[in-house]
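The values are calculated or read from the model by the stated rules, or taken from the named source; none is laboratory data. On a predicted model such as this, the values are computed, not experimentally measured, just so you know. With ideal geometry, Cβ positions are generated from the backbone for all residues, glycine too; neighbour counts draw on all protein chains shown. Note: areas computed on protein heavy atoms with side chains; ligands, DNA, RNA excluded. Shrake-Rupley method; radii C 1.70, N 1.55, O 1.52, S 1.80 Å.
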Amino acid sequence: MRNEDLHWSDYIYFIIGLLYLAHYAYDVTHQYLEIEDGVIKKNSLYGFRKKLNLKDIDTIKKFAGDYTLKSYDTELKIKTSIIEDHSLTSLVKVLSELDLPQEKSPFVSIS
């Protein structure tokens, strides 16, 4: 048997593996989206916690099933594919109750 030395690339693979495990653990323990007290918050492992007051949303766009919420100075993208069905139903209910004009919301039906 040969004793092989570890190369720097071996350490990088190990670190990447640890980062994947940390990302998984974070996702399991933290919710992707939270809606509390009129504020929608999107959590992220990388320290970026975006939040947006529901009353400040002036446009909602839907593209490929995902939603983009826009206010005057903030944009929040929501990936619906990683939201559980019952939570997605609750999200759509909250967003559809916002008082937005027809051209700025996918939830306003034409009467």
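Note on residue 51: lysines with a C-alpha under 18 Å away, same-chain residues under 8 apart excluded, are 41, 42, 61, 70, 77, 79. If you fit an axis through the alpha-carbon atoms of helix 8-29 and take the longest principal axis of the Cα set of the chain, what angle between them do you get, 0 to 90°, nearest 10? Once rounded, one gets 40 degrees. From the largest down, the chain spans 78, 26, 23 angstrom on the principal axes of its Cα atoms. Carbon-plus-sulfur accessible fraction, the chain (probe radius 1.4 Å, protein heavy atoms only): 55%. Axis angle, to the nearest 10 degrees, between helix 85-96 and the longest C-alpha principal axis of the chain: 40 degrees.
Work through the residues other than residue 55 whose Cβ is under 13 Å from its Cβ and net out their charges, Lys, Arg +1 and Asp, Glu -1.
Working: positive: 51; negative: 37, 56, 58, 97, 99.
Net of charged neighbours comes to -4.
Ranking 107, 14, 63 from most to least accessible surface, computed with a 1.4 Å probe over the protein chains only, gives 63, 14, 107.
Only helical DSSP H runs with n ≥ 4 go in: add -39500 (n - 2.57) per run for the chain, normalise by residue count and round the 222 nm mean residue ellipticity to 500 deg cm²/dmol.
Working: 2 runs with 34 residues, N = 111.
It comes out at -10500 deg cm²/dmol, rounded to the nearest 500.
The residues of the chain expose, per residue, 81 Å² of accessible area to a 1.4 Å probe.
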